[in-house]
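Data block below; observations after.
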Amino acid sequence: MQQDDPIITLVTETAPIKTETHGGRAKCLQRLVRLSLPVPLTVALSFRAVHDIAEGRMPDIRALLKPFGAHPLLCVRPSSEDPDWGGPSAVLNIGMNDAMHAALSERIGIEAATRLYGRFVRTYAIHVERLDPDVFDDLPMSGPAALEGALAAYQDETDEPFPQDAAVQLAAVLKSMARAWRGTTARLLRQAKGAPADAGLGLVVQEMALGLGKGGVCGSGVIQLVSSGTGRLRITGRYMNQSQGREALQDSGEGALYLARDARGPSLQDLAPEAFEQLVEYCGLMRFRLREEMQAEFTIENGQVHVLDALRAQRSSRAAVRIAVALAEDGVIPRDEALCRVDPRALNEMLHRQVDPMAPRDVIGKGIAASPGAASGKLVFSALAAQACHARDEPCILARRETGPEDIRGMHAAVAVITERGGITSHAAVIGRGLGLPCAVGVTGLIFDMKEQLLRTRDGRVFRAGDIVTVDGTNGDILAGEAPLHEAAQDDAFQAMMTWAEEYCDIGIRANADTPADAEVARRFNAQGIGLCRTEHMFFDPGRLTVMREMIFAREGADRAAALERLLPMQRADFIKLFNIMQGRPVCIRLFDPPLHEFLPADRAGMRELAEALSMPLSDVTRRVEALSEYNPMLGMRGVRLGITMPEIYDMQARAIFEATLEASRNGAPVVPEIMIPLVSAKREVEMVKKRIDAVAAAVKMETGRDFTYRLGVMVETPRAALRAGEIAPHAAFLSFGTNDLTQMTYGLSRDDAGKFMSEYVKQGVYREDPFHTLDTEGVGELLMIGAERGRAARPDLTLSICGEHGGNAESIAFCRDVGFDYVSCSPFRVPVARLAAAQLRI
Ligand code: PEP
Ligand code: MG
């Protein structure tokens, strides 16, 4: 072997091995060698070497084999740059032939040697020579007949005897692994995990430590110091006597032992205490020197421990947080590195219950993951049924075509919601996130038969009302039956990470909170304020919905005034609560923006209920609903248009805000409310609304004899508002970009209907991602930049922010930070995610 050839390198402390050229496994093995761990002799093949092999240029195999002696027994493992990218399976026992069989029969017994040889022949035939596995189907699994049968079957199929030369075997193994890396499936799999198209593969060739024998403890296993589920200190792993590779982890793990002493069964600690102690010591050393919790793969041969490999220990989201925090607290890594080691999305997972990732999943439908968390319960198809279930203390899953205000009561009663229609910003999605309720919308693969009250899968399975299903809102899956769940965790490790993140964050994080309950959650996560209070959502509460509808239904000014008079104290009380909960932190209240269709009854039962509540004949209600119906409600009588055409509505809201301001300022620091005008498209709208709000402020000041200040801002949700930001800004203390509507209008893409084809669009690569989920930095982003630039040019002290659903998305936060926004605002449960993502951007 050419020792100076960097493409084939003996793994020593000083060898020129890099992750970028030889892969993560080779590099890790070198680190283990540097720690003086008992690693069997290893040779690393670089990406270039493996590329050459795939192209048919085989290196000098005899030279490669030289360090391993005259009769080598080897294994080959993949070494990709990132271990997550995978690679072909390891091949063990290369070099097994008749002579080795005879020699091993002496050493480990004929039975074990025969089993080893037989297994190698099968592996070689199937994975290297690509023979059909059926060829071996009828052969016995062990014993001399199995070996003879396997050798004969090999010869029958290939017309050649099984190769006896280790060099021939090794060359064939290397070639098959190098080519497997290029296969379409392997390429797609790794690209799905983020690997570049030209990702290289390295290979490591290692002397076998047998794990089989007659002279003392022999076996193999894996060990790590922490639990993969919780991240807490607990020595875990499996070990199996007389085994190799990862056999101890396979299937039922029959015959496998625990590592540490365990009441559930026998352990390696009992069987071989010294070897166990050594392994624990090695893992501790790795943790300290490799600065990571590792899982070591080991073999014990006649009592002697060998460390074959080490990988970053697998971990759930909550374990990732605890491990990173513990490493920082133990001084192994600095805090900023600990912050960067956790994917912000992982926090999202740990704040909610999750389906056990290890459990089998019977997926019956897939939707858009609209609100994270998981829950199991009985299927119900109406809000009423959900409430009935709730009254019986039975958890239920509410299935609807889409949700509206009538469903709010049902959503409160349900443990999760699924809808046939809708996207990431639809009613069900927004409310689900606000309530912390698992939610999947735009579900495909399931037919929602509301009449028959059942869900039907494409392959004919039927789930009726009362059947148990599980909703995994974190990835949008609907599962049959009750899946095992992990509880949510906001433990000390999470708190520590959040405190550290706050120290690094250089962009404000506020919460979108509509109700006092939302505000409480926002405070719990230490949001710096409320960035968006959707006031119309305060009327989703069933007891109040009718008053809101009365106001919407009013034909005469006098009727409307009466309804507004009833709404005023409700609003005032809400705002007082919000101000008190937020304790002087800013609260940005958006004036009504009710897309009318969300407030009108959708069916006959709803109309009847409304007719009763309003003491109106059903026919009048039906007529009025028809009169108010719009062809395109999202572009109709919404937002500021309502404020311009029925100004007394915004007058009432402004009064409620100001009176609440005075009330909440009584016992503490003066509250400075922020009032935001929605769906603006013209400067004149802002001027007109501002004039009336100023007048209300003056009236309240005069009536009470007390003073206060407030900030008036504009929500930029239409492309025109972004383009005309220069003339709007002089009338606004702040601009908040409502990127839900701005995305809808920039693309001309209905936020409620896009769910139907979005996954297909993303699958076909038309859009890289769902633009309602991740901000389209090119198109919508350009409007944001234009709006920010023109706004700031006209008014340098202008506060800029984003309050669409993108506010909680890491990539979108990066964009907002680059553009110089002051803060982002997102659902309360996403505040920790946003904060960690923002901290990472700064680090
Ligand atoms: C938006 O449009 O981005 C927004 C925050 O408002 P809503 O989702 O209520 O329309
Ligand atoms: Mg909007």
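The values are calculated or read from the model by the stated rules, or taken from the named source; none is laboratory data. Worth saying up front: this structure is predicted, and the values here are computed from it rather than measured. Note that each Cβ is placed from the backbone with ideal geometry, even for glycine, and that neighbours are counted across all protein chains shown.
Does Q583 satisfy the criteria of being at pLDDT 90 or above and closer than 20 Å to P647 by Cα?
Details: at pLDDT 90 or above: yes; closer than 20 Å to P647 by Cα: no.
No: the conditions fail for Q583.
Return the residues of the stretch 457-471 that are crowded, with 16+ Cβ neighbours inside 10 Å and modelled with pLDDT of 95 or more; say none if nothing qualifies.
Just the residues of the stretch 457-471 that are crowded, with 16+ Cβ neighbours inside 10 Å, to begin with: 457, 463, 465, 468-471.
Answer for the stretch 457-471, where residues must be crowded, with 16+ Cβ neighbours inside 10 Å and modelled with pLDDT of 95 or more: F463, A465, I468, V469, T470, V471.
Restricting attention to the stretch 760-808, report how many residues are buried (at least 24 other Cβ atoms within 10 Å of the Cβ) and in contact with a Pro (Cβ under 8 Å, 6 or more places away or on another chain).
Qualifying residue count for the region: 2.
Among the residues of the stretch 433-473, which ones are assigned to a loop (DSSP other than H, G, I, E, B) and over 25 Å from L347 (Cα atoms)?
Matches in the stretch 433-473: G445, M450, K451, E452, Q453, R458, D459, G460, R461, A465, G466, D467.
For the condition of a type in the set (D, E, K, R) and within 15 Å of ligand 1 (Cβ to nearest atom), what is the one hit in R724, R751? Give the steps one after another, and end with the answer.
Working: R724 fails: within 15 Å of ligand 1 (Cβ to nearest atom).
Result of the check over R724, R751: R751.
Test L610 against the criterion of being in contact with a strand residue (DSSP E or B) (Cβ under 6 Å, 6 or more places away or on another chain) and away from ligand 1 (no atom under 16 Å from the Cβ), and give yes or no.
Against the criterion (in contact with a strand residue (DSSP E or B) (Cβ under 6 Å, 6 or more places away or on another chain) and away from ligand 1 (no atom under 16 Å from the Cβ)), L610 does not qualify.
What number goes with the only condition from (1) surrounded by 18 or more Cβ atoms within 10 Å (Cβ to Cβ); (2) touching a helix residue (DSSP H, G or I) at 6+ places or on another chain (Cβ under 8 Å) that P83 does not pass?
Result: P83 fails condition (1) only.
Can you find a residue that is among the hydrophobic types (A, V, I, L, M, F, W, C), touching a residue at least 60 places away in the same chain (Cβ under 8 Å) and farther than 27 Å from E760 by Cβ anywhere in the stretch 403-410?
Taking the stretch 403-410 and keeping what is among the hydrophobic types (A, V, I, L, M, F, W, C), we get 408.
Imposing the further condition that a residue be touching a residue at least 60 places away in the same chain (Cβ under 8 Å) reduces the set to 408.
Adding the requirement that they be farther than 27 Å from E760 by Cβ leaves 408.
Yes, the stretch 403-410 has at least one match.
So, M676, is that one within 14 Å of ligand 1 (Cβ to nearest atom) and either touching a Leu at 6+ places or on another chain (Cβ under 6 Å) or at pLDDT 95 or above (or both) or not?
On the way: within 14 Å of ligand 1 (Cβ to nearest atom): yes; either touching a Leu at 6+ places or on another chain (Cβ under 6 Å) or at pLDDT 95 or above (or both): yes.
Answer is yes for this residue.
Look at the stretch 815-832 and say how many of its residues are among the small types (G, A, S) and either in contact (Cβ under 8 Å) with a residue 40 or more places away in the chain or under 12 Å from G436 (Cβ atoms) (or both).
Step one: of the stretch 815-832, the residues among the small types (G, A, S) are 820, 825, 827.
In the following step, the residues that additionally are either in contact (Cβ under 8 Å) with a residue 40 or more places away in the chain or under 12 Å from G436 (Cβ atoms) (or both) were identified as 825, 827.
The total comes to 2.
Please tell me if P730 is more than 16 Å from ligand 1 (Cβ to nearest atom), over 26 Å from E598 (Cα atoms), outside any loop (DSSP other than H, G, I, E, B) and in contact (Cβ under 8 Å) with a residue 12 or more places away in the chain. Even if it seems obvious, please write down each step before you answer.
Values: more than 16 Å from ligand 1 (Cβ to nearest atom): yes; over 26 Å from E598 (Cα atoms): yes; outside any loop (DSSP other than H, G, I, E, B): yes; in contact (Cβ under 8 Å) with a residue 12 or more places away in the chain: yes.
When the stated conditions are applied, P730 passes them.
Within the stretch 496-515, does at least one residue satisfy the condition of being touching a strand residue (DSSP E or B) at 6+ places or on another chain (Cβ under 7 Å), assigned to a loop (DSSP other than H, G, I, E, B) and within 21 Å of P372 (Cα to Cα)? Give the derivation first.
First, the residues of the stretch 496-515 that are touching a strand residue (DSSP E or B) at 6+ places or on another chain (Cβ under 7 Å): 507-514.
Next cut, assigned to a loop (DSSP other than H, G, I, E, B) only: 507, 513-514.
If we keep only those that are within 21 Å of P372 (Cα to Cα) as well, we get 513-514.
Yes, some residue in the stretch 496-515 is touching a strand residue (DSSP E or B) at 6+ places or on another chain (Cβ under 7 Å), assigned to a loop (DSSP other than H, G, I, E, B) and within 21 Å of P372 (Cα to Cα).
If Q653 satisfies every condition in (1) over 19 Å from I802 (Cβ atoms); (2) surrounded by fewer than 23 Cβ atoms within 10 Å (Cβ to Cβ); (3) within 16 Å of ligand 1 (Cβ to nearest atom) but one, which is the exception?
It is condition (2) that Q653 fails.
Restricting to the stretch 679-719, name every residue that is within 16 Å of ligand 1 (Cβ to nearest atom) and surrounded by fewer than 16 Cβ atoms within 10 Å (Cβ to Cβ).
Hits for the stretch 679-719: nothing passes.
Filter the stretch 528-546 down to the residues that are more than 16 Å from ligand 1 (Cβ to nearest atom), of a type outside the set (D, E, K, R) and either within 20 Å of R345 (Cα to Cα) or part of a loop (DSSP other than H, G, I, E, B) (or both) and list them by number. Steps first, please.
As a first pass, look at the stretch 528-546 and keep what is more than 16 Å from ligand 1 (Cβ to nearest atom): 528, 541-546.
Narrowing the set further to residues that are of a type outside the set (D, E, K, R) leaves 528, 542-543, 545-546.
Passing the criteria: only Q528.
Suppose we filter the stretch 574-605 for residues that are more than 16 Å from ligand 2 (Cβ to nearest atom) and under 37 Å from the mean Cα position of the chain (by Cα); how many remain? Explain how you work it out, then say what you get.
Going through the stretch 574-605, the residues more than 16 Å from ligand 2 (Cβ to nearest atom) turn out to be 574-587, 600-605.
Narrowing the set further to residues that are under 37 Å from the mean Cα position of the chain (by Cα) leaves 574-587, 600-603.
Adding up the residues that qualify gives 18.
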